[in-house]
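This report refers to the structure that appears directly beneath it.
The values are calculated or read from the model by the stated rules, or taken from the named source; none is laboratory data. Quantities reported herein were computed from a predicted structural model and do not represent experimental measurements. Here the Cβ is made from the backbone with ideal geometry for all residues, glycine too, and neighbour counts use every protein chain on show.
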Number of protein chains: 4
Amino acid sequence: MKVIADLCVVPIGMGVSVSKEVAMCELILRAAGLKTHLHAYGTNIEGEWDEVFAAVKRCHEALHATGVPRISTNMRFGTRIDREQNMEDKVRSVEAKVLSEKLS
Amino acid sequence: MKVIADLCVVPIGMGVSVSKEVAMCELILRAAGLKTHLHAYGTNIEGEWDEVFAAVKRCHEALHATGVPRISTNMRFGTRIDREQNMEDKVRSVEAKVLSEKLS
Amino acid sequence: MKVIADLCVVPIGMGVSVSKEVAMCELILRAAGLKTHLHAYGTNIEGEWDEVFAAVKRCHEALHATGVPRISTNMRFGTRIDREQNMEDKVRSVEAKVLSEKLS
Amino acid sequence: MKVIADLCVVPIGMGVSVSKEVAMCELILRAAGLKTHLHAYGTNIEGEWDEVFAAVKRCHEALHATGVPRISTNMRFGTRIDREQNMEDKVRSVEAKVLSEKLS
């Protein structure tokens with residue numbers, strides 16, 4: 001089962017900056033061979049369900065291993081069986097409609 | 001690794017009512033032996049990481065098996081290594097502070 | 001426009017415990033006359049759109065005023081025009097289906 | 001109060017494709033003069049609190065006006081008082097750490 005997801009990991013009990021922890025997660029996701037797109041409030045992830053969630057678990061484990069006492073994560077994930085879809089399709093499909101609306 | 005989570009599963013491409021699909025997920029979570037608390041916008045879940053996410057995967061698989069073409073889920077999940085905590089602790093801890101603030 | 005929402009406020013750059021900040025938000029929501037239900041990973045809120053979001057803004061303002069440097073909030077909110085619905089309806093509707101499934 | 005947010009609007013009770021509704025929201029956000037970045041599972045938004053949430057309300061109103069019976073939205077939003085930050089800063093800060101880690 002393929003999943004398109006969006007992951008937002010928030011370390012708690014650390015400093016105000018969380019970019020170090022977010023970067024560590026990004027490296028873990030990429031090392032897992034997952035397709036990712038980092039944005040200003042999370043990271044898009046595309047891959048097989050088990051691989052995606054195994055990588056997310058490694059993110060929590062790795063952050064705790066570096067001393068982060070508490071983590072609160074918010075994740076969106078979508079699956080569909082009507083047709084194949086990837087991250088680029090989703091964005092392209094919306095952008096095309098935004099454009100056609102503007103021109104009409 | 002223990003996790004306290006909150007799951008909100010939204011079937012897409014079905015009717016306006018989603019309670020049948022939410023009830024099916026609830027049954028799957030309970031059948032997995034997980035502690036749950038159903039509320040008006042999701043379900044709290046407490047358990048071991050692997051058991052929680054295995055059950056969430058079964059929710060997606062079961063809904064698709066009954067014909068739901070597309071699912072968009074939103075999930076919060078938290079882990080901590082500083083101390084043990086369960087769902088009741090979290091609510092009690094906030095309620096105690098709400099009360100003491102009101103009385104002060 | 002009525003909205004049923006679920007709010008999860010996470011203070012960043014503070015200690016590991018966030019119950020004080022969550023309790024402060026709870027008091028603000030209740031003081032606004034909003035119907036709330038506190039659970040282990042957030043708070044259900046029911047009310048008119050403008051009142052709900054005005055109270056959520058006050059939560060951010062109040063936490064910052066007490067010195068919280070950064071806040072990351074996750075919120076779900078739903079509106080519908082097909083029929084009236086309240087928080088109890090949503091839970092009851094799912095619970096009824098969970099029960100009937102168990103008995104069948 | 002400035003806010004950096006991420007919005008994911010899910011129409012319920014419509015077809016399997018939601019790109020038309022997502023495009024409509026995107027147009028509303030851009031027409032409001034808000035800075036946005038569309039990605040595969042939502043849209044980053046940057047702006048003043050009141051303007052951001054007024055635009056989000058217009059998204060719900062506009063979708064309902066075109067016949068969408070029910071909407072379930074998931075939104076992340078962050079505020080901070082320790083320093084100014086924009087969407088590009090957030091991504092750049094993480095990317096820099098990802099790169100330096102890779103090279104080290």
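Considering only residues that are part of a helix (DSSP H, G or I) and either under 26 Å from C:Ile28 (Cα atoms) or aromatic (Phe, Trp, Tyr) (or both), which ones fall in the stretch B:57-96?
Matches in the stretch B:57-96: B:Met87, B:Glu88, B:Asp89, B:Lys90, B:Val91, B:Arg92, B:Ser93, B:Val94, B:Glu95, B:Ala96.
If you scan the stretch B:32-50, which residues turn out to be at the interface with chain C (Cβ under 10 Å from one of its Cβ atoms) and of a type in the set (Gly, Ala, Ser)?
Answer for the stretch B:32-50, where residues must be at the interface with chain C (Cβ under 10 Å from one of its Cβ atoms) and of a type in the set (Gly, Ala, Ser): B:Ala40, B:Gly42.
How many residues are free of Cβ contacts under 8 Å to residues at least 12 places away in the same chain and away from chain B (no Cβ under 14 Å) if we restrict to the stretch D:18-29?
2
Go through the residues of the stretch A:76-98 one by one and say whether even a single one is more than 14 Å from the chain's Cα centre (by Cα), crowded, with 20+ Cβ neighbours inside 10 Å and free of Cβ contacts under 8 Å to residues at least 24 places away in the same chain.
Yes, some residue in the stretch A:76-98 is more than 14 Å from the chain's Cα centre (by Cα), crowded, with 20+ Cβ neighbours inside 10 Å and free of Cβ contacts under 8 Å to residues at least 24 places away in the same chain.
For the stretch D:72-104, how many residues meet the condition of being more than 27 Å from B:Arg76 (Cβ to Cβ), more than 9 Å from chain A (Cβ to nearest Cβ) and small (Gly, Ala, Ser)?
So the count comes out to 1.
Assuming B:Ala32 fulfils every condition listed in (1) within 12 Å of the chain's Cα centre (by Cα); (2) in contact (Cβ under 8 Å) with a residue 24 or more places away in the chain apart from one, which condition is it?
(1)
Please go through the stretch C:60-75 and give me each residue that is at negative phi and without any contact (Cβ under 8 Å) to a residue 60 or more places away in the chain, ordered by number.
Residues satisfying the conditions are C:His60, C:Glu61, C:Ala62, C:Leu63, C:His64, C:Ala65, C:Thr66, C:Val68, C:Pro69, C:Arg70.
Looking only at the stretch C:35-59, count every residue that is in contact with a strand residue (DSSP E or B) (Cβ under 7 Å, 6 or more places away or on another chain) and without any contact (Cβ under 8 Å) to a residue 40 or more places away in the chain and tell me the total.
Looking only at that region, the number is 6.
Filter the stretch D:2-27 for residues that are at negative phi and surrounded by fewer than 19 Cβ atoms within 10 Å (Cβ to Cβ); which is nearest to the chain's Cα centre (by Cα)?
Ranking the candidates gives D:Leu27 first.
So which residues in the stretch C:1-17 are without any contact (Cβ under 8 Å) to a residue 12 or more places away in the chain and facing chain B (nearest Cβ under 9 Å)?
Result: C:Val16, C:Ser17.
Considering only residues that are in contact with a helix residue (DSSP H, G or I) (Cβ under 6 Å, 6 or more places away or on another chain) and among the β-branched types (Val, Ile, Thr), which ones fall in the stretch B:42-67?
Within the stretch B:42-67, B:Ile45 is the sole residue that qualifies.
How about the stretch B:54-70: which of its residues are farther than 21 Å from B:Leu34 by Cβ, in contact with an Asp or Glu (Cβ under 7 Å, 6 or more places away or on another chain) and not basic (Lys, Arg)?
B:Val68, B:Pro69 - these are the residues of the stretch B:54-70 that are farther than 21 Å from B:Leu34 by Cβ, in contact with an Asp or Glu (Cβ under 7 Å, 6 or more places away or on another chain) and not basic (Lys, Arg).
Let me spell it out: the conditions are (1) modelled with pLDDT of 95 or more; (2) within 10 Å of chain C (Cβ to nearest Cβ); (3) more than 19 Å from the chain's Cα centre (by Cα), and B:Ala65 meets all of them except one. Which number is the exception?
The failed condition is (2).
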